[in-house]
Number of protein chains: 8
Amino acid sequence: MSKVGIIMGSSSDLPIMQQAIAILQSFDIETEVDIVSAHRTSVIIAGAGGAAHLPGMVASMSPLPVIGVPIKSRNSIDGWDSVLSILQMPSGVPVATVALDGAENAGILAAQIIGSADKKVLDKIILYKEALKTKVYTASEELKNKKI
Amino acid sequence: MSKVGIIMGSSSDLPIMQQAIAILQSFDIETEVDIVSAHRTSVIIAGAGGAAHLPGMVASMSPLPVIGVPIKSRNSIDGWDSVLSILQMPSGVPVATVALDGAENAGILAAQIIGSADKKVLDKIILYKEALKTKVYTASEELKNKKI
Amino acid sequence: MSKVGIIMGSSSDLPIMQQAIAILQSFDIETEVDIVSAHRTSVIIAGAGGAAHLPGMVASMSPLPVIGVPIKSRNSIDGWDSVLSILQMPSGVPVATVALDGAENAGILAAQIIGSADKKVLDKIILYKEALKTKVYTASEELKNKKI
Amino acid sequence: MSKVGIIMGSSSDLPIMQQAIAILQSFDIETEVDIVSAHRTSVIIAGAGGAAHLPGMVASMSPLPVIGVPIKSRNSIDGWDSVLSILQMPSGVPVATVALDGAENAGILAAQIIGSADKKVLDKIILYKEALKTKVYTASEELKNKKI
Amino acid sequence: MSKVGIIMGSSSDLPIMQQAIAILQSFDIETEVDIVSAHRTSVIIAGAGGAAHLPGMVASMSPLPVIGVPIKSRNSIDGWDSVLSILQMPSGVPVATVALDGAENAGILAAQIIGSADKKVLDKIILYKEALKTKVYTASEELKNKKI
Amino acid sequence: MSKVGIIMGSSSDLPIMQQAIAILQSFDIETEVDIVSAHRTSVIIAGAGGAAHLPGMVASMSPLPVIGVPIKSRNSIDGWDSVLSILQMPSGVPVATVALDGAENAGILAAQIIGSADKKVLDKIILYKEALKTKVYTASEELKNKKI
Amino acid sequence: MSKVGIIMGSSSDLPIMQQAIAILQSFDIETEVDIVSAHRTSVIIAGAGGAAHLPGMVASMSPLPVIGVPIKSRNSIDGWDSVLSILQMPSGVPVATVALDGAENAGILAAQIIGSADKKVLDKIILYKEALKTKVYTASEELKNKKI
Amino acid sequence: MSKVGIIMGSSSDLPIMQQAIAILQSFDIETEVDIVSAHRTSVIIAGAGGAAHLPGMVASMSPLPVIGVPIKSRNSIDGWDSVLSILQMPSGVPVATVALDGAENAGILAAQIIGSADKKVLDKIILYKEALKTKVYTASEELKNKKI
């Protein structure tokens, strides 16, 4: 029952939202790109651009945690419309908002939510975080050895 | 093991952050207002104002889901500094950001995260959401009957 | 069948939205403050603050013209969240947005929409516009005669 | 008498404004791209960029509903100037503002205004809205069947 | 023929605009608070708030230099609407914009424009600028002697 | 003595500032692109980008009217830095600010300032304004005759 | 020779700038509130509001490090004008900008600059930083023991 | 002991940060692109984009002056996130912030800090500033002689 439901406001949001799917697959977490069906998933990721109502609307209908991905779509005012219409939800209906076009982080957050109760997933996240640190140290070493 | 760790950048953030504690208590979820100790909690809520680094710093050190509450502190530039420095985290280190001063929503989100794996908490959230709807209908009825 | 349906995101929006009701009453246009029932009204006015999804949600469900009133609610980021989440609707689902807290203008716009097909209402609007001009000229005369 | 008057601040706005004409033609509603002559139309659409005074100026002179289209012209400050100078009209002179470059939505809104009193046009809008829903379901089905 | 015409969008703008009148009177320059009549003045000052069309509208009709004063009126979005709708005029129709609520500076600018061709006024401005410098030096001396 | 002094913060601002020179030449007004020498000109135009101090600095040193042109330079934050650091001058030191990159309008404004005391220049501006109107009518006619 | 020169755009900035003086006095660093005389100080702190040119102007004339304090003065547009006109200096002329109204931090930064070459001052800063940490731990302990 | 430590949030920030290294090399000041080791440097330059925590984090751990360079990285909201999360540091933890992508200015500022106690470096900065002025005068002369 650890599937993550992934929905989006428009099929033009797919290139961004695929980053969420990819990172979740790397954690061996099943995803469901579908019209959301809350009883079969543990977490929902919803991406949308412009006046982005989808994440908030899903959050008002489901008891599950909803992660919102603001997308800088065409005709958006630099992404501000999308960020503010997902983030500034009223009391009682939270949306866990990530950075503009931050679908990869939405995937990691979904994994962390599942990992908060599932030791196997948590261990994968611990490994992922360690790999991230190693990557930083390697980049740092490369920087030091580089002739700048 | 369902405690929620609650941390804040400054004790002046307490009036806002208490809304998270209050709503979690209403769900019978234990909270821990402390220097965070990730192995004893399932979720972390971190609130901060201005150039708000606390939520992101915690997120970079813990494998648990971290919820960030931007706080409109004194000297903040209308809250924009706090919102952007919590929301716009780099790839690999998500913070689940809620609305400006949205500590109550942070509490609900933490409960939803716990509820995604704990049926008893999920049932309380379902009840909470139903009460919310009832409140809306009641307000609507009152509005109709009001002599405007 | 010229009723205007008036809905709002929260009963705390009522003080602003009453300005729409008042101006419509001055045009002898019936209003209905209710959970919207599209088949009984000609136009819908929807006001909301923060991540303001109500106007867009109604617009996506009704074939009638929907007028959106962004409201500068408590915890709003200076009204920007409300303005952008009502204005920046996707193609196919327009919301006729008026100024921040501009419920009176929403009422006038609703009357103009009804007036575009109803001569009696149009005549009242023409009178209203003329009174507006007179008011400007009177204020101008007063300014000239004032000892500044 | 159901013509829609379409005016614009500069001929460089035509590529955006043509989207309004196209969608109105698809509803079989006559348009008039002209220096506006209010007595021959039911609704006016006015598009302009920068410090965009045209929609407000027309609204102050006509009793008809005026729809404003903010246009992100060259030298605009990311469209904010155009959005704010159309949206934030004073009390008594509403402009029904749509999204930045949202001329297609302006056309749909004009059709909805006419449709609020003209059953034939209303039926076309109902069909349009249904087609929109079908398109969403089809896109959703395609998404589910796609190998992502 | 050196009168300065002063106009405003609403009588509620008078408290701000009086600062322009006061500074012009201190330069012995006649002012005319009136519906503008361009042939009797040399410069026009126009103040307005919100979607502030008055300065631009006057500029499009008069060959005289027009100074625009953005006013932070009630319901303005922090003054941004007023600033942008006065400043961002299209090519061919400049408005000499001063700071938000900067009516005193508008008066000085009008005096400088008259002074650019009228030696008596120019001399008064030179004296004013010298007094300004003296004031800065005096304030600086006071600061140094203050026990901080 | 009707020369207009034109100065700029950097030679990279020249492509924008040349629009001021061109329009002034079309009015037969001499310009002086130089380190400003106030006693030989009637008006000063100063263009600058980023934290744009040049226009304000010149305004604090000269009794002449100073026109400021905000320039959207490389590394500018979308032009906001330039606009605000030219527009928001303190009391006593006005800068007549025009639109972002609005050097042509700065030229016209300089001509209008000279024209406010020089009938020959005023007549040229009246002709220019009439040509502008003709251009609008012609564009409007073309639009009407166009098959859209 | 370790004096810090402190200058400000207006005596109304003194209440904010006194925080810089106070913190420097606590580090036993002499300050000089004066028209700046670069040869007698090691560092300059300059505070200003609105279109804030003072810090940049000083930076262009002195080879010393200049710290800029943006001040949210009356009529400022929420402090943005001040922040951007101090921060966005052109290449070659840096201003070390601190937070809006951040005069205390400007004082600490000045002390750190002096401390980077003066062991006695550095030791005081190390003590200050340790006291800051202790204060955080104490506040944290108090939070834990509080009955929330 | 006059080395400047240069750190960055990601190796993708290197192209911008190299401007700091280059200018410091032109002042014969050694740099260290490394994981920062405060005891071996006099000043630290830290560059980062998005929710940019690196400069503030370093500032909270080191008694040395920290210069922050906001970087307009990919997915940044026009650089605002980076600027605000570096600039708006809380009391006690200043970061000397320079302009967006202003790494060259960060290098000059670091040199000025070293120069405030090291006469040899100060002399180089005085020469640099003089060369800057000469460059301005040369550009000005070229402008005057140019046929525009």
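The values are calculated or read from the model by the stated rules, or taken from the named source; none is laboratory data. Everything numeric here is computed off the predicted structure, so don't read it as measured data. Every residue, glycine as well, gets a Cβ built from its backbone with ideal geometry; the counts of neighbours run over all protein chains shown. Accessible surface is based on the protein model in full, side chains and every heavy atom, while ligands, DNA and RNA are left aside. Shrake-Rupley method; radii C 1.70, N 1.55, O 1.52, S 1.80 Å.
Peptides D:59-66, C:16-23, H:126-133 ranked from most to least packed, by the mean per-residue count of other Cβ atoms within 10 Å: D:59-66, C:16-23, H:126-133. Residue and distance for the chain G Cβ closest to the axis that moves G onto F, in whole Å, come to G:Ser85, 2.
Give me the inter-chain shielding for H:4-10: mean count of other chain Cβ atoms within 10 Å, whole number please.
Other-chain Cβ atoms within 10 Å of each residue's Cβ, averaged: 2.
Relative contact order, percent, of chain B when contacts are C-alpha pairs under 8 Å separated by at least 6 residues? Walk me through the numbers on the way to the answer.
Numbers: 275 pairs, mean separation 33.8, N = 148.
After rounding, I find 23 percent.
Here the Kirkwood formula puts the hydrodynamic radius of the range H:1-145 at 15.7 Å, using every distinct Cα pair. Note on D:Lys133 and H:Arg40: with the Förster distance fixed at 56 Å, the Cβ-Cβ geometry gives a FRET efficiency of about 0.30.
Pairing chains D and A buries close to 1100 square angstrom of accessible surface in total, based on protein heavy atoms and a 1.4 angstrom probe.
Note on H:129-135: average number of Cβ atoms from other chains within 10 Å of each residue's Cβ is 3.
Spatially close Lys pairs in chain F, defined by Cα atoms under 18 Å apart and a spacing of eight or more places or different chains, total 10. Amide H contacts under 5 Å for B:Gly92: A:Asn105, restricted to partners 5 or more places along the chain or on a different chain, H placed in the peptide plane at 1.01 Å from N.
Distance from the alpha carbon centroid of the range D:44-104 to that of the range H:21-73 works out to 47 angstrom. Scalar couplings 3J(HN,Hα) for the range B:126-141, obtained by applying the Karplus form with A = 6.51, B = -1.76, C = 1.60 to θ = phi - 60°, are 4, 4, 4, 5, 5, 4, 4, 4, 4, 4, 4, 5, 4, 4, 5, 4 Hz; x denotes Gly and Pro.
Here, P(r) means the percent of Cα pairs in each 20 Å bin from 0 to the largest distance; for the protein assembly as shown it is 12, 39, 37, 12, 0.
Projected onto the charge dipole of the range F:89-148 (+1 at Lys/Arg Cβ, -1 at Asp/Glu Cβ, origin at the Cα centre), which of F:Thr138, F:Val98, F:Val121 gives the Cα projection farthest towards the positive end? After comparing all options, I get F:Thr138. Accessible surface for the range D:1-77, divided over its residues, is 36 Å² per residue with a 1.4 Å probe.
Given the rule -39500 (n - 2.57) for each run of at least 4 DSSP H residues, summed and divided by the residues of chain A, what is its mean residue ellipticity at 222 nm, to the nearest 500 deg cm²/dmol?
On the way: 5 runs with 69 residues, N = 148.
Value at 222 nm, helices only: -15000 deg cm²/dmol.
Peptide E:13-25 shows a mean partner chain C-beta count of 1 within 10 Å per residue C-beta. Got a sec to turn the phi values of the range D:6-20 into Karplus ³J(HN,Hα) couplings, 6.51 cos²θ - 1.76 cosθ + 1.60 with θ = phi - 60°, whole Hz, x for Gly and Pro? Calculated HN-Hα couplings, in order: 10, 10, 8, x, 7, 5, 6, 7, 4, x, 6, 5, 4, 5, 5 Hz.
Overall, the accessible surface of the protein assembly as shown at a probe of 1.4 angstrom is composed of carbon and sulfur to the extent of 56 percent.
3J(HN,Hα) along the range E:89-106: 5, x, 3, x, 10, x, 10, 6, 8, 10, 4, 3, 6, x, 5, 4, 4, 4 Hz, from the Karplus curve 6.51 cos²θ - 1.76 cosθ + 1.60 with θ = phi - 60°, whole Hz, x for Gly and Pro. Give, as a single signed number, the net charge of other residues whose beta carbon lies under 15 Å from the beta carbon of D:Gly107, with Lys and Arg counted +1 and Asp and Glu -1. Its environment carries a net charge of -3.
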